[in-house]
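First the structure, in the form of structure tokens, and then the observations on it.
The values are calculated or read from the model by the stated rules, or taken from the named source; none is laboratory data. No experiment lies behind these values; they were computed from the predicted model shown. Positions of Cβ are backbone-derived with ideal geometry, glycine not excepted, and every protein chain shown enters the neighbour counts. When the accessible area is computed, the model is the full protein with side chains, heavy atoms only, and any ligands, DNA or RNA have been set aside. Shrake-Rupley method; radii C 1.70, N 1.55, O 1.52, S 1.80 Å.
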Amino acid sequence: MKKLSLNLCAGVSILLLQACDNYTTQPLCDAGNATTIPGIEGTYTVSVQGPDHDIATTDVKIEANPQDSSHLKLRSFDKKKSLVQESDATLCHINGRNILQAKSENGIGFSYVALIHSAESLTYQPVAFDRVTLDLLGIGWKVVPMPDQELPGFAAQKLGKSEGAREAFVVSNDGVALQEVWKSARIMPVGLSLLKK
């Protein structure tokens, strides 16, 4: 349960897109599949219980770029309204799903979550890639060590460093068509919902 909490907390903060540590070497979102989600902008809140049974609450503010509404800026704030972290992400539409793509700060690649948006909430479901399907399609992949880092934002304050060495699963999609790569994509059934203020 603690490992699940660590992944979910990492997901809530702006680096949530790296919660499952699945990446592609090249972006899957581009100008051809860029999309917008009307009403996605605003401030959301999420609370997660830490191992000491105390509650960590974070506000996540989402703003669209006026010149490119598929490009979002996400900022997380602690309960004292201090900026914890900020990140950029891109929205696109793949096979009927709204996908949020972020470039990793550690240079490993691009990570993804599927989004479900309503007037009251925003739910994130991490996207993972199936190695068996990738092998069948002849698409390369590798496992690389994740740089040693603390969990971001409030997760670091409440849960400390992650336990054990983390590894990233990286799909080598240079020169591979989006639809071929997406055949190996799996939307994780565990989601995380943020409530709109």
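Details
- Residues of region 66-78 that are open to solvent by 20 Å² or more (accessible area, probe 1.4 Å) and within 25 Å of I94 (Cβ to Cβ): P66, Q67, D68, S69, H71, K73.
- Some residue of region 182-191 being at pLDDT 95 or above and open to solvent by 60 Å² or more (accessible area, probe 1.4 Å): yes
- Residue in region 79-89 that is open to solvent by 10 Å² or more (accessible area, probe 1.4 Å), within 21 Å of A31 (Cα to Cα), in contact with a strand residue (DSSP E or B) (Cβ under 8 Å, 6 or more places away or on another chain) and polar (S, T, N, Q) present: yes
Yes or no, residue by residue, for (1) at pLDDT 95 or above; (2) over 17 Å from F77 (Cβ atoms); (3) open to solvent by less than 40 Å² (accessible area, probe 1.4 Å):
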{"site": "L4", "(1), (2), (3)": "no, yes, no"}
{"site": "L8", "(1), (2), (3)": "no, yes, no"}
{"site": "V12", "(1), (2), (3)": "no, no, yes"}
{"site": "L16", "(1), (2), (3)": "no, no, yes"}
{"site": "T24", "(1), (2), (3)": "yes, yes, yes"}
{"site": "L28", "(1), (2), (3)": "yes, yes, yes"}
{"site": "Y44", "(1), (2), (3)": "no, no, yes"}
{"site": "D54", "(1), (2), (3)": "no, yes, no"}
{"site": "A64", "(1), (2), (3)": "no, yes, yes"}
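- Cβ pairs under 6 Å, 6+ apart, first in region 87-110 and touching a residue at least 60 places away in the same chain (Cβ under 8 Å) and β-branched (V, I, T), second surrounded by 16 or more Cβ atoms within 10 Å (Cβ to Cβ) and assigned to a loop (DSSP other than H, G, I, E, B): T90/C29
- Every residue from region 50-86 that is in contact (Cβ under 8 Å) with a residue 60 or more places away in the chain, of a type in the set (D, E) and assigned to a strand (DSSP E or B): D59, E86
- Checking A89, A128, A102 one by one, the residue that is of a type in the set (G, A, S) and farther than 23 Å from V143 by Cα is A89 and no other.
- Residue check, A119 closer than 20 Å to L192 by Cα, in contact (Cβ under 8 Å) with a residue 24 or more places away in the chain and out of contact with any strand residue (DSSP E or B) (no Cβ under 6 Å at 6 or more places or on another chain): yes
- For region 95-135, residues that are of a type in the set (A, V, I, L, M, F, W, C), open to solvent by 70 Å² or more (accessible area, probe 1.4 Å) and either farther than 26 Å from G32 by Cβ or assigned to a loop (DSSP other than H, G, I, E, B) (or both) total 2.
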